[in-house]
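The values are calculated or read from the model by the stated rules, or taken from the named source; none is laboratory data. As the structure is a prediction and not an experimental result, all values here were calculated from the model. Quick reminder, even Gly has a Cβ in these numbers, built from the backbone with ideal geometry, and neighbours come from all protein chains shown. Ligands, DNA and RNA are stripped out before the accessible areas are found, and what is left, the full protein with its side chains, is counted by its heavy atoms. Shrake-Rupley method; radii C 1.70, N 1.55, O 1.52, S 1.80 Å.
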Amino acid sequence: STPQLAPLVTGLPPSFTWGVATAAYQIEGAVAEDGRTPSIWDTFSRTPGAVHNGDTGDVACDHYHRMPQDVALIKSLGMDSYRFSVAWPRVQPGGRGPVNPEGLAFYDRLVDELLANDIAPWVTLYHWDLPQELEDAGGWPARDTAYRFADYAALVFDKLRDRVDTFTTLNEPWCSAWLGYHVGVHAPGRRDFDASLAATHHLLLGHGLALQAMRSEDHRFGITLNMGTADPLSPSDLDHEAARRADGMGLRLYLDPLRHGSYPADVLADLAARGSALPVQDGDLDIISTPFDVLGVNFYFGQDFAGTDEQGNTHSPTGEPVVRAVLPDTPRTAMGWPITPSRFTSLLVRLSRDYPGLPMVITENGAAFDDTPDPTGFVRDDDRTAYLASHIAAVAEARDQGADVRGYFAWSLLDNFEWAEGYAKRFGIVRVDYDTQERTPKQSALWLRDSISALRAAGA
Ligand code: GBH
């Protein structure tokens, strides 16, 4: 029997931006070439037990050597934009000092190749690959790292500003701070709550300093945040309180200082109650709230929160209030993540209400599934196609409800190094055979290509 194909996308204007996204450490490989020095992910992936199967980004998708073919692939999928990140340890080895021309030349060639193919480059300056030397000097918990980031941003901006319109500073600072310095499942693998708070503040400060270092009227600047939704599991006060705390630490702790110039008072009070504080100095919030042009939204799923653990306790053994994430009872992806497109709509509508006047672009959305290639290498991924279709429809619905969303980047162009999951989880709309490095567009890629071209034809 022939499975039903997802219908093509409708309800989005022909001017809508369509792209695919990647990140340097997840695809490039070539970690010791042309003067690149190690990042915290090179170190972390070599730490026994840190990454599934001991996988590293040493080779990844070998994109560093296959860039022109990968750009041709993006072109063949009909994309008008490509979101990639620049590897700081390629451009400025060690994280300080002069530019490394060989490293920067790669991004120069990439930008030229994209423009020759009519694809707009969207540069992410930092997607988690902090130079190891800066980590050794204290990492993001050290204030100096924010100033180093601004210097690096200015170097990249000076080189690419004549050809790149859109620069975003950080990808998902919550992941860098929380997963990297508190939970320890991402590089650098530290487990220190106060260090993660300091990292949060210094990431935001680095974002603001970078904006000030790059200031220009002729470019578009932004930041990308990971955003879920935090709903109370039940209407009880305890569950509302848990959802408030989760939303506060995950979303408002970032967007309030960026857009309102202050950290949320309720979160500061929660932190004070446990004897913690953000290391804010005079003037920092003016820097952090420097205006910017576009908010990048990365969305994968929404969650419910409960204020009690499974035994009904309201506090942990160490006296912390319980904030328990409960995954909605829906089908799951291969990551075990629930599929929650209607919560995507509510998130976007809520963002446009609480943080008005800020155009949004979906800088990542996508899913890992257990792909089974046929003998020719083709993956008939109806599950991923349905995921993309329902989430793009959720974006169209949010726009109908007034959310100012201007574009959508699928995560990801290629199967790639999925951080702590290594190569075991595949998010690509294009299959990568890691033995041969062969790329084969999956059904989802063909569906997206056809949807984009139908939308453009309808608007022509
Ligand atoms: C993104 O991270 C990354 O930008 C990208 O590099 C990565 O490959 C992609 O997603 C797929 O993972 O359960 O407490 O962690 C997304 C990370 C995962 C962070 C879901 C928020 C939900 C809350 N996000 N997570 S928690």
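What are the residues in the stretch 251-269 that are closer than 18 Å to F193 by Cα and in contact (Cβ under 8 Å) with a residue 40 or more places away in the chain, if any?
Once the filter is applied, which keeps residues that are closer than 18 Å to F193 by Cα and in contact (Cβ under 8 Å) with a residue 40 or more places away in the chain, the stretch 251-269 yields L253, Y254.
Matching residues to (1) buried (at least 24 other Cβ atoms within 10 Å of the Cβ); (2) of a type in the set (S, T, N, Q); (3) within 13 Å of the ligand (Cβ to nearest atom); (4) within 28 Å of F344 (Cα to Cα):
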| site | (1), (2), (3), (4) |
| --- | --- |
| H182 | no, no, yes, yes |
| F193 | no, no, no, no |
| Q212 | no, yes, no, no |
| R215 | no, no, no, no |
| F221 | no, no, no, yes |
| A242 | yes, no, no, yes |
| L251 | no, no, yes, yes |
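In the stretch 126-163, how many residues are buried (at least 22 other Cβ atoms within 10 Å of the Cβ), closer than 18 Å to D42 by Cα and of a type outside the set (F, W, Y)?
8
Going by what's in this entry, would D270 be described as under 21 Å from S85 (Cα atoms), more than 16 Å from the ligand (Cβ to nearest atom) and open to solvent by 10 Å² or more (accessible area, probe 1.4 Å)?
So D270 fails the test.
Return the only residue of F301, F344 being under 20 Å from the mean Cα position of the chain (by Cα), within 22 Å of G248 (Cβ to Cβ), modelled with pLDDT of 95 or more and open to solvent by 20 Å² or more (accessible area, probe 1.4 Å).
F301 is the lone residue from the list that is under 20 Å from the mean Cα position of the chain (by Cα), within 22 Å of G248 (Cβ to Cβ), modelled with pLDDT of 95 or more and open to solvent by 20 Å² or more (accessible area, probe 1.4 Å).
Looking only at the stretch 82-100, count every residue that is polar (S, T, N, Q) and open to solvent by less than 10 Å² (accessible area, probe 1.4 Å) and tell me the total.
Summing the residues that are polar (S, T, N, Q) and open to solvent by less than 10 Å² (accessible area, probe 1.4 Å) in the stretch 82-100 gives 2.
For the stretch 330-354, what are the residues that are within 16 Å of the ligand (Cβ to nearest atom) and part of a loop (DSSP other than H, G, I, E, B)?
T330, T333, A334, M335, G336, W337, I339, T340
Just one of (1) open to solvent by 10 Å² or more (accessible area, probe 1.4 Å); (2) free of Cβ contacts under 8 Å to residues at least 60 places away in the same chain trips up W174, so point out which.
(2)
Let me spell it out: the conditions are (1) part of a helix (DSSP H, G or I); (2) in contact with a helix residue (DSSP H, G or I) (Cβ under 7 Å, 6 or more places away or on another chain); (3) closer than 26 Å to F409 by Cα, and C175 meets all of them except one. Which number is the exception?
Tallying (1) part of a helix (DSSP H, G or I); (2) in contact with a helix residue (DSSP H, G or I) (Cβ under 7 Å, 6 or more places away or on another chain); (3) closer than 26 Å to F409 by Cα, C175 fails exactly one: (2).
Quick one: which residue in A60, A105 is open to solvent by less than 20 Å² (accessible area, probe 1.4 Å) and aliphatic (A, V, I, L, M)?
Just one listed residue meets the conditions, A60.
Just one of (1) closer than 23 Å to E438 by Cα; (2) out of contact with any Gly (no Cβ under 6 Å at 6 or more places or on another chain); (3) open to solvent by 20 Å² or more (accessible area, probe 1.4 Å) trips up D55, so point out which.
Every listed condition holds for D55 apart from (2).
So, P321, is that one touching a strand residue (DSSP E or B) at 6+ places or on another chain (Cβ under 9 Å), within 16 Å of the ligand (Cβ to nearest atom) and either closer than 17 Å to A243 by Cβ or hydroxyl-bearing (S, T, Y) (or both) or not?
In short, no.
I'm told R66 meets every condition in (1) within 19 Å of the chain's Cα centre (by Cα); (2) open to solvent by 10 Å² or more (accessible area, probe 1.4 Å) except one. Can you identify the failing condition by its number?
(1)
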